[in-house]
Each structure stands twice: as structure tokens, then as C-alpha cells.
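The values are calculated or read from the model by the stated rules, or taken from the named source; none is laboratory data. Worth saying up front: this structure is predicted, and the values here are computed from it rather than measured. Here the Cβ positions follow ideal geometry from the backbone for every residue, glycine too, while neighbour counts run over all protein chains shown. For accessibility, only protein heavy atoms count, side chains too; no ligands or nucleic acids. Shrake-Rupley method; radii C 1.70, N 1.55, O 1.52, S 1.80 Å.
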Amino acid sequence: QVQLVESGGGLVQAGGSLRLSCAASGSIFSILTMGWYRQAPGKQRELVAGITRGGSTNYADSVKGRFTISRDNAKNTVYLQMNSLKPEDTAVYYCNGVPIATIWGQGTRVTVSS
């Protein structure tokens, strides 16, 4: 089973940027759509961005125009570039397939201060 390790989170001021990475232990090529999810304190996990094997993307309205998802199938890695961060982006971020394809990783925490 593919294992996922997220990294790149941290503390950033509002308006700042972060780039998250999701490294898979096995091939993600077989996973048609990969996605980034987030879970804020007291809220359910939500999908914020997805990318197909061919590179088509879609985003939640709350991040559209600010976040960019990409994937490198050769490196088995998925990225999330986050710009113009807002305090409401504060959450633990996870990657997985869309729909869920494997067990969840530990996530990476993003904290945006106002």
C-alpha cells in the first residue's frame, strides 16, 4: 500500500506563502486523481485541491486563485503552492487520492497568523 508523507508546513503571517510536498513511498501513477485536504480545529476534513494524472486541476472556492496543485509522477510527489495565505487557511494539510486511495499520512500543520 502506498504510504504518504507530507511536509512543508509552518507558521507564516497573513499574506505569506508556503509550499507543501507529499512524497509517496510507491507509485502514484496508478492513482488517477491526487488531492490535498485540510482539517481545521473543530471542523471536518475537506478537499481543497485535486489534480488528475494528466494534469487537470480543480480547487475549492475558498482557495481558488491562491493555491496551485501540481504532481510529478516520476518522483511520486504532489505539491501545493499556497500564496496570499489567510488565517482561515490554518489547518493540518494531508494528501491522498480522490476518492481516498490509501491510509492517511501524519499531515503537515499550517498556521497563519493575522
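Descriptive notes on the structure:
- The phi torsions of the range 97-114, fed into the Karplus equation with coefficients 6.51, -1.76 and 1.60 and a -60° offset, translate into couplings of x, 10, x, 3, 10, 7, 5, 6, x, 7, x, 9, 8, 10, 10, 10, 8, 8 Hz, rounded to whole numbers, with Gly and Pro shown as x.
- Projected label distance in nm at VAL2 and SER62, using a 7 Å step from Cα toward the beta-carbon: 2.5 nm
- Once divided by 2.2 N^0.38 Å, the Cα radius of gyration of the range 46-104 becomes 1.13.
- Percentage relative contact order, the chain, counting C-alpha pairs under 8 Å, at least six apart: 37 percent
- Sulfur and carbon atoms: percent of accessible area, the chain [1.4 Å]: 50 percent
- Zone of GLN39's modelled label, taken as backbone nitrogen in the range 48-74 under 19 Å from a point 7 Å along Cα→Cβ: 48-50
- Per-residue HN-Hα couplings for the range 46-58 [Karplus 6.51, -1.76, 1.60; θ = phi - 60°; Hz; x = Gly/Pro]: 10, 7, 10, 7, x, 9, 7, 4, x, x, 6, 10, 8
- Here LYS64 is the anchor, and the lysines within straight C-alpha reach of less than 22 Å, apart from those fewer than 8 places off in the same chain, are LYS43, LYS86.
- A 1.4 Å probe run over the protein chains yields, for the chain, 51 Å² of accessible area per residue, whole-number rounding.
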